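What follows is calculated from the coordinates using simple rules that are stated; it is not laboratory data. This is a predicted model, so every value here is computed, not measured. Note: ideal-geometry Cβ built from the backbone for every residue, glycine included; neighbour counts use all protein chains shown.
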């Protein structure tokens, strides 16, 4: 979870900077974002910061879960930390998608 969070943060940063080109495998891939390069970049410029934040929460959740396990915290506590990070990441990735699609739809 920690490593996937770092990858999501990296992607979000590239999206925000306009360095995340159209991809077959990653990104906000909806009909409205795929209609043109302009729509793609508009969606990812808006969604990128949300994706970076989601990746950060995923990385923090994974790291705190790992530390809690190493320190001998109860299994329920470790699970709770990891679950909280996962849910927070999911909410922010959904926000990235919703806001990105809205931005893409505004492109003529």
Note to self: Given the -39500 (n - 2.57) contribution per DSSP H run of 4+ residues, what per-residue ellipticity at 222 nm results for the chain, rounded to the nearest 500 deg cm²/dmol?
What the structure shows: -27000 deg cm²/dmol
Checklist line | Relative packing of peptides 76-86, 18-28, 41-51 - highest average C-beta neighbours within 10 Å first | finding: 41-51, 76-86, 18-28
Item checked: Rel. contact order, % - alpha carbon contacts under 8 angstrom, at least six apart, the chain -> 37
Check: Rg and Dmax of region 1-93, using alpha carbons, in Å: what are they?
Finding: 15.5, 51
Margin query: I'd like the orientation of helix 37-70 relative to the chain: the angle between its Cα long axis and the longest Cα principal axis, in ° from 0 to 90, rounded to 10.
Written below: 0
Checklist line | Burial ordering of 16, 33, 90, fewest other beta-carbon atoms within 10 Å first | finding: 90, 16, 33
